[in-house]
Structure formats: structure tokens, C-alpha cells
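Notes follow the structure.
The values are calculated or read from the model by the stated rules, or taken from the named source; none is laboratory data. Only a predicted model underlies this, so the values are computations on that prediction, with no experimental measurement involved. Cβ placement follows ideal geometry from the backbone for every residue including glycine, while neighbour counts extend to all protein chains displayed. With ligands, DNA and RNA removed, areas are computed over all heavy atoms of the protein, side chains included. Shrake-Rupley method; radii C 1.70, N 1.55, O 1.52, S 1.80 Å.
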Amino acid sequence: MSLITLGVALVAAVVSGCATSVTGSGTAPSDQLALHSSEVSVSAASAHRHDATVALCRTATSSMVVMVKGYNDFLEALNRFHSYDKVGDLDDRARAALIAGADRIRDARDPEVPADLTTPVNTFLASTTRLEDAIGAHELTGLNPVATRWSTDKQAVLDVCARYLPPPPGIATRTSAVVPVPAG
């Protein structure tokens with residue numbers, strides 16, 4: 001058999017294979033389509049829940065840095081002078097940092113975030129309001145219990161967020177892991 005004959009035979013085989021029709025329909029059975037659609041919806045909802053949870057944790061932790069800095073600067077001056085009149089505008093700055101941080105956290109809340117995070121976040125926001133009010137009222141001895149509660153509530157949020165956020169580089173250990181947001 002010559003090379004040309006072999007080439008013609010090969011082309012004829014390919015053409016006849018492509019010309020064969022396939023029986024069946026171009027649509028999936030409705031029960032399979034419904035199952036697939038349901039799986040896609042659950043997957044999308046789970047992804048949204050995870051993204052919203054991570055976003056809330058990131059917003060909360062970054063906001064807390066600013067809140068704590070403002071409060072600590074104010075507290076350092078108050079401990080030194082024991083008078084609101086002598087701290088300059090640090091009390092106003094502390095309150096502004098608390099208000100701005102709390103507003104950012106409130107804006108990041110999402111109904112899909114699981115309760116194990118929303119509950120401590122809401123508790124922390126209430127503590128933040130009490131701390132703002134205590135500073136605004138120029139509390140001295142009354143400031144300590146409010147600030148202690150605020151710090152405890154802040155730590156509760158950070159503890160929960162540690163389960164949802166990856167550890168910072170260089171901190172990871174073999175036992176640390178990101179916990180997925182529970183579905184449903």
C-alpha cells in the first residue's frame with residue numbers, strides 16, 4: 001500500500017467518523033438539572049457566608065487596632081494627669097476612634113455571618129458604646145470597669161476570628177488551621 005493510499009484511507013475514516021449522528025437530546029433530565037442547580041446554590045451561599053465572615057473579621061481586627069491606639073493614648077495621659085482637662089483633645093480623639101471603628105464594624109456585618117461571630121461582635125459594639133459614653137461623661141474611677149469589659153469583649157471577637165482567619169506569616173504552626181464557615 002502506498003503512502004497516498006494510506007492517507008486517503010485515513011481521511012475517509014475520519015470523515016465517516018465525523019458524519020455519524022448521535023442519538024439523544026441536548027438537555028439534561030429535569031431531576032438532574034434541579035439537583036445540579038441546588039448544589040450550585042448551596043455552594044454559592046457557602047462561599048458568600050465564608051467571604052462575609054472573613055470580611056467581618058478583617059474589618060473588626062483592623063478597626064480594633066485604631067480603637068485601641070486611640071484609647072491607649074488617652075488613657076496614658078489620663079493616668080499621668082488624673083484630669084480630663086489636662087489631656088488635651090485625647091479624650092475626643094479616643095471617642096472618635098471608638099466611634100469610627102464601631103461604625104466600620106457595623107457596616108461589615110452581614111446576615112449570613114454565623115452566630116458564633118455575630119454574638120460577640122454585637123456584644124463588643126455595645127461595650128464600645130458604653131466606653132464612648134464613659135469617656136464623654138469624663139468618668140475617672142467608673143472608667144476602669146467599663147474599659148475592662150470592653151477589653152474582654154474585644155478579645156472574645158479576636159478569639160472567634162482566629163478560627164476564621166489564616167494565621168499571620170511566621171506564626172503558623174502545624175496545629176493551626178482555618179476553620180471553614182459551617183454551611184446552613
Legend entry - Compactness of the range 47-87 as Cα Rg over 2.2 N^0.38 Å, two decimals: 1.83
Legend entry - Listed peptides 147-156, 106-115 by packing density, highest first (mean Cβ within 10 Å): 147-156, 106-115
Legend entry - Two-site FRET efficiency, residue 100 against residue 141, from Cβ-Cβ distance with R₀ of 30 Å, rounded to 0.05: 0.65
Legend entry - Estimated FRET transfer efficiency (residue 115, residue 65; beta-carbon r; R0 30 Å; 0.05): 0.75
Legend entry - Computed E for residue 80/residue 155 - FRET, C-beta separation, R0 22 angstrom, nearest 0.05: 0.30
Legend entry - Surface per residue (accessible, 1.4 Å probe) for the range 123-168, Å²: 47
